[in-house]
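Quick notes on the structure that follows.
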Amino acid sequence: ESSGDAHDEPYYRKRMGELRSRLETHQRQLAVLTQKQAQGQMQYYGDPNKTLQQEFSRSDINKRNDEITQKQQEIAADEQAIQDLQDQLRREGHPPGWLR
């Protein structure tokens, strides 16, 4: 382990701040998508043809489900990135307080 690979406290604080911010953003987006999905279950369309189409294909609901799945994957990736940063900090032998 060479000293050229080590990072300093400002790096860790900045990087953790970025990761937490991204995670919080994705969690808020997921909450909005989930809320829209719940509303979509009782969706009313002014156009009767649109209503029949959606009852048959459920394309709006399926699209929202895909968006929710993608957002959940992004959240899992964010959480993994935070874990990786914590592991990197530990490997470099720095105090855990640097990530607060």
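The values are calculated or read from the model by the stated rules, or taken from the named source; none is laboratory data. Just so it is clear, the structure is predicted and the values come from calculations on it, not from any experiment. SASA here: full protein model, heavy atoms, side chains in, ligands and nucleic acids out. Shrake-Rupley method; radii C 1.70, N 1.55, O 1.52, S 1.80 Å.
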Exercise. Using a 1.4 angstrom probe and counting only protein chains, how large is the accessible area of D84 in Å², to 10?
Worked result: 80
Seminar exercise, completed: Karplus ³J(HN,Hα) for region 61-74 (6.51 cos²θ - 1.76 cosθ + 1.60, θ = phi - 60°; Hz, whole; x = Gly/Pro) runs 5, 5, 4, 5, 4, 5, 5, 5, 4, 5, 5, 5, 5, 5
